[in-house]
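As structure tokens, the structure follows; a few thoughts come after it.
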Amino acid sequence: MDSIQMVYGLGRAKNALQDYLIQKLLFPNVYLDAEFNGKKVNVLAIDREGTGDVHAVYIPYQGTDIENALETVIANIQSPPPSARVLPHFIYSAIVNNGPGASKYDLSERIIQKSFSLGDDGVGRVGILYVDLSESDPSVQVILRAERFRNSKELVEMADQFVATHTTANWELRG
């Protein structure tokens, strides 16, 4: 696959994920390629006009080793650098099927176990989404449902500050 097809596929995947979050959330502001809490997020949604839940979607490298890519995303989320220890409320890793002949990913027990929070309280789980671009109308399917990570005052403040300083969302509900 050449680089133009990769960029095109990644863009279509981000749009499909954006649509998924728009349908899932009440009043989201959605940002593509955002930097939130010191990390690059492929698709970031902040619900209820910035006063609600933060949803972060990471798209790992889509090569032949999906398992390793998912493990890397989960490991980076669960052991963030000291400057990024506050986690979004909901975190997803998205697997992208970028064309005909690509096989659907079957979740291994190892990834299921690694998706759970490593914190002392066990609150939270990384969700896994499957983005199918093989048809003319992209679709997103939930492979593993995300579970809410613990809320914190810092996260609420970060979300409010992000929305205040990023006045142009890729998509937002306007009244």
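Read-outs throughout are calculated quantities, based only on the coordinates presented, and are distinct from any laboratory measurement. Keep in mind the model is a prediction, meaning the values are calculated, not measured. In this analysis, Cβ positions are derived from the backbone assuming ideal geometry, glycine residues included, and neighbour counts consider all displayed protein chains.
By the count of other C-beta atoms within 10 Å, a proxy for reagent exposure, 165, 72 are ordered fewest to most as 165, 72. Inter-label distance, residue 151 to residue 67: 3.8 nm, where each label sits 7 Å from its Cα along the C-beta direction. Modelled spin labels at residue 142 and residue 168, positioned 7 Å past Cα toward Cβ, are 3.4 nm from each other.
For the pair residue 19 and residue 114, label points projected 7 Å from Cα toward Cβ lie 3.0 nm apart.
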